[in-house]
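J.: Sharing a structure, written as C-alpha cells. Questions coming.
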Amino acid sequence: MYLQVPSEISGRQFKAVFTIMLQTVPPYLVAVFFWSPEDLANGKYKYRTALITVKECGEKLSWPGFDANAENGDCGIIHMKQPEWSFKELHSVDIDE
C-alpha cells in the first residue's frame, strides 16, 4: 500500500519505503528505517490478499472473526508463537525482582 497508492496518485513509480521516527520526549532522537525488498513483497502480498478477503466477505455478507485464523479441528483456538527477537538473552540486570 505504501508503494501502490502514491504511485497511482502521482503517476510516478515508487520502489522503496523509508520510515522516519522522531521521539516526542527528550533526547528527541531520530530513527530512519529502510524496508527491504523482501518485506515490501511480503507486504504487497498481504495487502492484496486482504483486499480480496474484504471483497469476498462483502459478497457473502459473512464477516468471520479471529477464529478464521485457527487451524481446522482446533475449535477456533489460535496457536500463538513468539517472534524470534523475543528470545534474546536476558542478563540479570535486565530483570526487576
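Bear in mind that the values in this text are calculations on the coordinates, not laboratory data. The structure displayed is predicted, hence computed values, not measured ones. Cβ atoms come from the backbone with ideal geometry, glycine included; neighbour counts cover every protein chain shown.
J.: Using θ = phi - 60° and the Karplus relation 6.51 cos²θ - 1.76 cosθ + 1.60, list the HN-Hα couplings for the stretch 6-15 in order, rounded to whole Hz, with x at every Gly or Pro.
T.: For the stretch 6-15, the Karplus curve yields x, 5, 5, 6, 8, x, 9, 8, 9, 10 Hz.
J.: Oh, and also: Spelling out what I want: for every residue of the stretch 51-57, take phi, set θ = phi - 60°, compute 6.51 cos²θ - 1.76 cosθ + 1.60 (Karplus), and round to whole Hz; glycine and proline get x.
T.: 4, 5, 4, 4, 4, 4, 5
J.: Here is a follow-up. Quick one: which residues, 5 or more positions from Val17 or on another chain, have an amide H under 5 Å from its amide H? H modelled 1.01 Å from N in the peptide plane, none for Pro or chain starts.
T.: Correct list: Trp35.
J.: Which order results if Arg48, Arg12 are arranged by neighbouring Cβ count within 10 Å, fewest first?
T.: Numbers: Arg48 12, Arg12 8.
Least to most surrounded, the residues fall as Arg12, Arg48.
J.: Apply the Karplus curve 6.51 cos²θ - 1.76 cosθ + 1.60, θ = phi - 60°, to the phi angles in the stretch 80-89 and return the couplings in whole Hz, x for Gly and Pro.
T.: 3J(HN,Hα) across the stretch 80-89, in whole Hz: 9, 8, 5, x, 4, 5, 6, 9, 4, 5.
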